[in-house]
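Before any comments, here is the structure.
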Amino acid sequence: MLSKAWNKYKRFPVQVRASFWFLICSFLQKGISVITTPIFTRLLSTAEYGQYSVFDSWLKIVTIFVSLHLYSGVYIQGLVKFSDDRKRYSSSLQGLTLLLCVGWTVVYLLFHEYWNRLFTLTTVQMLAMLVMIWATAAFNLWAGEQRVEYRYQRLVIATLVVSVAKPVVGIICIRYATDKVTARILGLALVELVGYAGFFIVQMKRGKQFYSSKYWKHALMLNLPLVPHYLSQTVLNSADRIMIKSMVGPSEAGIYSLAYSISQIMLLFNTALSHTLSPWIYQKIKDNRAEDISRVAYLAMGLIAVVNLALIAVAPEVVRAFAPPSYHEAIWVIPPVAMSVLFIFCYDLFAKFEFYHEKTRLIMIASVIGALLNVVLNYIFIKRYGYCAAAYTTLVCYIVYVMAHYLFMRRICNQYMNGVVVYKPSVLLTVFTVFLAAGFALMMTYNYPVFRYSVIALMLLAMILWRKRIVRAFRHIMSLRKAR
């Protein structure tokens, strides 16, 4: 049986095999981090866990300014556009990234006391952050080249080794340190520096080009307009933890961060489906067959909705498994944050049209609206109702975010696609309304465990009865890899 499966696997095109392993890499990076969360919640107090989570939030924000996310869409586009000079292109972007990181490090060192006060971090923590930004960017540039060329073996090995080393080194550092937060940060910085620096050397040796006016200009011209978009997305994901620590306290930030991390597990399903659907959707848009998208997209929305409702149903048990009793209040944060995951997935479906037609200004407008609204609502409602309010402001902001992208998608369809209606408003409204109602209804059962367990049993029974439909739906979506 194993040899039959192996022979079948070998017959798959390299693109399919590569897509599968790239997906495995994504699960390894996030999955191992999630699995080890119960260890760190027991090694760190809620206040210490909150302080580390705030560092992680600042890391995501500072990364955008320091690295400009050069390893994101612009790099992949350049690898395709300059395929005949890919090695020099890659090494030049490694050079540009290094220059940006060194430049920002100098700026930090000159005014380190100001930056330390602004971020409420120590000098050691800030320098570790800058090291992590460079090392991660170096790895992502190398990994992007591997993905474009369908070379997945080394990428899988590197991802596995680093993903395992991070928690192992982190646990050792914390056990033998008095400042556990700094120990956790230094452990991550050490692993990433040792594990990723070599990829910078590899690409520089191959390309032998540190500076290229052509490639630097191309990267900066395309990526600079997207910085507000990347920043707004990060603020929408991270501002709540920073504001909770500042306005309420580090312990509450730790509890909120645990709930947020658990809810974000479901983003793995978003990533899986998005990686599968994205090339297919772009091809449909290119072929003027956008009306074919909705049937598959509605199916994907349903799958995302179901897995998030399942998480909401068992949230109390998950929190007990992930953390000691001091984190119990996290159960009330999980439902609204988990419900946000469906809207994050839908944003990606709608934004595909903006990216395809290179309407970066529209992308930026929607992102900035969502981020600014999140900061304002957090400021108002955290003060009035406490840190749990941040979960509901996050949900509201993602709903507004999705509405903006949907309206911009309709505008693009009217301008460039003969007014085709890809997603019917009535269907979307029904899906969102039923999903939200079910999510909040499940949350209301947390104080009535017998009733909740009965609901969970009914959900499991429904999944068993409809298992063939669910499997068919999943197979249909996965088959799109071969169809493109």
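Numerical summary
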| item | result |
| --- | --- |
| Members of the range 89-115 that are crowded, with 16+ Cβ neighbours inside 10 Å and either of a type in the set (Lys, Arg) or more than 17 Å from residue 133 (Cα to Cα) (or both) | 89, 90, 91, 92 |
| Residues of the range 147-192 that turn out to be under 19 Å from residue 56 (Cβ atoms), among the basic types (Lys, Arg) and either part of a loop (DSSP other than H, G, I, E, B) or in contact with a Pro (Cβ under 7 Å, 6 or more places away or on another chain) (or both), as a count | 0 |
| Per-region count, the range 148-184, residues under 24 Å from residue 206 (Cα atoms), open to solvent by 50 Å² or more (accessible area, probe 1.4 Å) and touching a helix residue (DSSP H, G or I) at 6+ places or on another chain (Cβ under 6 Å) | 1 |
| Among (1) within 26 Å of residue 262 (Cβ to Cβ); (2) in contact with a helix residue (DSSP H, G or I) (Cβ under 6 Å, 6 or more places away or on another chain); (3) at pLDDT 90 or above - the single one residue 131 does not satisfy | (1) |
| Residues of the range 249-279 satisfying the condition of being aliphatic (A, V, I, L, M) and closer than 20 Å to residue 325 by Cα | 253, 255, 258, 259, 262 |
| Looking only at the range 78-88, and only at residues there that are within 25 Å of the chain's Cα centre (by Cα) and either open to solvent by less than 10 Å² (accessible area, probe 1.4 Å) or of a type in the set (Lys, Arg) (or both), the one that is nearest to residue 219 (Cα to Cα) | 78 |
| Failed condition for residue 446, given (1) in a helix (DSSP H, G or I); (2) closer than 19 Å to residue 314 by Cβ; (3) touching a residue at least 60 places away in the same chain (Cβ under 8 Å) | (1) |
| Unique match (being part of a helix (DSSP H, G or I), over 28 Å from residue 245 (Cα atoms), open to solvent by 20 Å² or more (accessible area, probe 1.4 Å) and not hydrophobic (A, V, I, L, M, F, W, C)) among 414, 418 | 414 |
| Close pairs (6 angstrom Cβ cut-off, 6 or more residues apart or separate chains): surrounded by 12 or more Cβ atoms within 10 Å (Cβ to Cβ) in the range 451-468, small (Gly, Ala, Ser) and assigned to a helix (DSSP H, G or I) anywhere | 456/313 |
| Residue check for residue 219: within 22 Å of the chain's Cα centre (by Cα) and touching a residue at least 12 places away in the same chain (Cβ under 8 Å) | no |
| One residue from 350, 355 being open to solvent by less than 10 Å² (accessible area, probe 1.4 Å), out of contact with any Pro (no Cβ under 7 Å at 6 or more places or on another chain) and within 23 Å of residue 227 (Cα to Cα) | 350 |
| Number of the condition not met by residue 361 [criteria: (1) surrounded by fewer than 17 Cβ atoms within 10 Å (Cβ to Cβ); (2) in contact (Cβ under 8 Å) with a residue 60 or more places away in the chain; (3) within 28 Å of residue 44 (Cβ to Cβ); (4) not acidic (Asp, Glu)] | (3) |
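Matching residues to (1) among the aliphatic types (A, V, I, L, M); (2) surrounded by fewer than 21 Cβ atoms within 10 Å (Cβ to Cβ); (3) part of a helix (DSSP H, G or I):
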site	(1), (2), (3)
244	yes, no, yes
258	yes, no, yes
262	yes, no, yes
280	no, yes, yes
292	no, yes, yes
300	yes, no, yes
308	no, no, yes
312	yes, no, yes
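Let's see how each residue does on (1) under 20 Å from residue 308 (Cα atoms); (2) of a type outside the set (S, T, N, Q):
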| residue | (1), (2) |
| --- | --- |
| 349 | yes, yes |
| 356 | no, yes |
| 359 | no, yes |
| 374 | no, no |
| 378 | no, no |
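The values are calculated or read from the model by the stated rules, or taken from the named source; none is laboratory data. What you see is a predicted model; the values in this text were computed from it and never measured. Ideal geometry is used to build each Cβ from the backbone, glycine not excepted, and the neighbour counts take in all protein chains shown. Quick note on the areas: whole protein, heavy atoms, side chains included, nothing else; ligands and nucleic acids left out. Shrake-Rupley method; radii C 1.70, N 1.55, O 1.52, S 1.80 Å.
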